[in-house]
Amino acid sequence: MIKKLTWISAILVLLLGSGILAATQLVETRYNKVRTPPPYSVKSELHQSLFIADLHADSLLWGRDLLKRSTIGHVDLPRLQEANVSLQVFTVVTTAPRRLNVNQNSSETVRTLTSSGRWPSPSTGRQTLGTAPNNARCTRQLASTNSKRNRMALS
């Protein structure tokens, strides 16, 4: 009987974990859309002649592998390089209010995402600045993939 309960518990934990991971991906897919799919009317020659800077990307929040091309969101390394993006600023999300309310805001949004299993430990999202070390590690990994082309600037 105990062995049977152990198996049932293990299966339930696996199902719950899979459900949480799937839910996180569904949330990102829903809220981080590319509204106009490619191809775009901008000429490639124009893009290659510009210094393109994107000064805000919350992509590290979602735990996606930014080294791989994705159809979700706007930022991954292959698309940045193809678009000749010369400067990409990855922002570190420490709080995100559910609603913009002047009188009261909750920082539970980031906590919910970080506890969904896409972060190294559950405690990562429990502190306001808990996401910063993990985001820094992810950014260093991105910068080190092609050290001749990618550089990381710290501030």
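The values are calculated or read from the model by the stated rules, or taken from the named source; none is laboratory data. It should be emphasised that the depicted structure is a prediction, and the values quoted were computed from it without experimental measurement. Glycine also receives a Cβ, built like all others from the backbone with ideal geometry; neighbour counts cover every protein chain displayed.
Hey, among ASN134, ASN101, ASN105, ASN146, which residue is of a type in the set (S, T, N, Q), assigned to a loop (DSSP other than H, G, I, E, B) and at pLDDT 70 or above? Lay out the reasoning, then the answer.
Working: ASN134 fails: assigned to a loop (DSSP other than H, G, I, E, B); ASN101 fails: at pLDDT 70 or above; ASN105 fails: at pLDDT 70 or above.
Result: ASN146 is the single residue among ASN134, ASN101, ASN105, ASN146 that is of a type in the set (S, T, N, Q), assigned to a loop (DSSP other than H, G, I, E, B) and at pLDDT 70 or above.
When the residues of segment 43-79 are narrowed to those that are at pLDDT 85 or above, touching a strand residue (DSSP E or B) at 6+ places or on another chain (Cβ under 6 Å) and not in a strand (DSSP E or B), which ends up nearest to ALA132 (Cα to Cα)?
Going through the qualifying residues, I end up with VAL75.
Does ALA10 satisfy being modelled with pLDDT under 75, farther than 18 Å from LEU77 by Cα and assigned to a helix (DSSP H, G or I)?
On the way: modelled with pLDDT under 75: no; farther than 18 Å from LEU77 by Cα: yes; assigned to a helix (DSSP H, G or I): yes.
No: the conditions fail for ALA10.
Could you give every pair whose Cβ atoms fall below 9 Å, whose first residue belongs to segment 62-73 and is without any contact (Cβ under 8 Å) to a residue 24 or more places away in the chain, and whose second residue is assigned to a loop (DSSP other than H, G, I, E, B), counting only separations of at least 6 or pairs across chains?
ASP65/ASP76; LYS68/ASP76; ARG69/ASP76; SER70/ARG64; SER70/ASP76
How many of the residues in segment 13-42 are modelled with pLDDT of 80 or more and closer than 15 Å to ARG64 by Cβ?
Matching residues across segment 13-42 total 0.
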